[in-house]
Every structure is written in structure tokens, then in C-alpha cells.
Amino acid sequence: MLAVGKQARGAGVGAALVTSVLQTARDSGYEAVVLTTMPPMVDAQRLYGHMGFVRATERDWLTRTGMPLQVMRFAL
């Protein structure tokens, strides 16, 4: 899970975290990184899109309480 406090948003912290995760995945030999996000997290989704993640709608799912979750994928 990645999370950035409201006071740190817009300062590049989220991009730095994602960059670190992607590099770790590359170094570990993974083919892709897949993440789950929620529809209200528009700013995070915009960041992921700018960084190269694409929607993987075929992998979207619902929690037990019915909350829709969206999946995004980054090919390494």
C-alpha cells in the first residue's frame, strides 16, 4: 500500500514512492507492477497514468462491501 498524507501531496512524494517500487520490481525481475485504486482517488490515478500505468479493466473487482476497485498495470 502506498499513501501520501494530505500535507505532502503535490510535492513529488507519490511519484518518488512509485518510482522506487518500479525500480525494485525491475531489479527483482518482475514483468509488471499491478495496483488497485478506488474511483474517488482521481489525483492518484492521474499520477499513475502519467507514469505509464494503464487501466486493466478486465481485472477490476468489488470488495465484500460492494466498493468498486480499479486495477492499473505497468509493464516493466
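In this simple spin-label model, placing a label point 7 Å from the Cα along the Cα-to-Cβ direction at both Met1 and Leu69 gives a separation of 1.1 nm. Here's how it looks for Leu76: its modeled amide H is under 5 Å from those of Ala32, Val33, which are all 5 or more places away or on a different chain. Backbone phi angles across segment 9-25, fed through the Karplus curve with coefficients 6.51, -1.76 and 1.60 (θ = phi - 60°), yield HN-Hα couplings of 5, x, 9, x, 5, x, 4, 5, 4, 5, 4, 5, 4, 4, 5, 4, 5 Hz in residue order; Gly and Pro are listed as x.
Taking Cβ atoms as reference points and 13 Å as the exclusive limit, the residues near Gly14 contribute a net charge of +2, counting Lys and Arg as +1 and Asp and Glu as -1. Each Lys and Arg adds +1 at its Cβ and each Asp and Glu adds -1 at its Cβ; summed about the Cα centre, the chain shows a dipole of about 200 debye.
Helical runs assigned H by DSSP (4 residues or longer) give the chain a calculated mean residue ellipticity at 222 nm of -10000 deg cm²/dmol, each run adding -39500 (n - 2.57) before division by the residue total.
Length gain on complete extension for the stretch Ala11 to Thr24, per 0.36 nm per residue less the alpha carbon to alpha carbon distance? If you can, show how the numbers build up before the last one.
Details: separation 13, 0.36 × 13 = 4.68 nm, distance 2.18 nm.
This chain segment gains 2.5 nm when fully extended.
Taken one residue at a time, the phi angles of segment 33-46 give Karplus couplings (6.51, -1.76, 1.60, θ = phi - 60°) of 10, 10, 10, 10, 9, 9, x, x, 7, 4, 5, 5, 5, 4 Hz. Gly and Pro are set to x. Diffusion coefficient of the chain by Stokes-Einstein, Kirkwood radius over Cα pairs, 10 °C, 1.306 mPa s: 120 µm²/s.
Each reported figure results from applying straightforward, stated rules to the coordinates on display, with no laboratory input. Computed from a predicted structure; not experimentally measured. Every residue, glycine among them, receives a Cβ derived from its backbone with ideal geometry; neighbour counts consider all protein chains shown.
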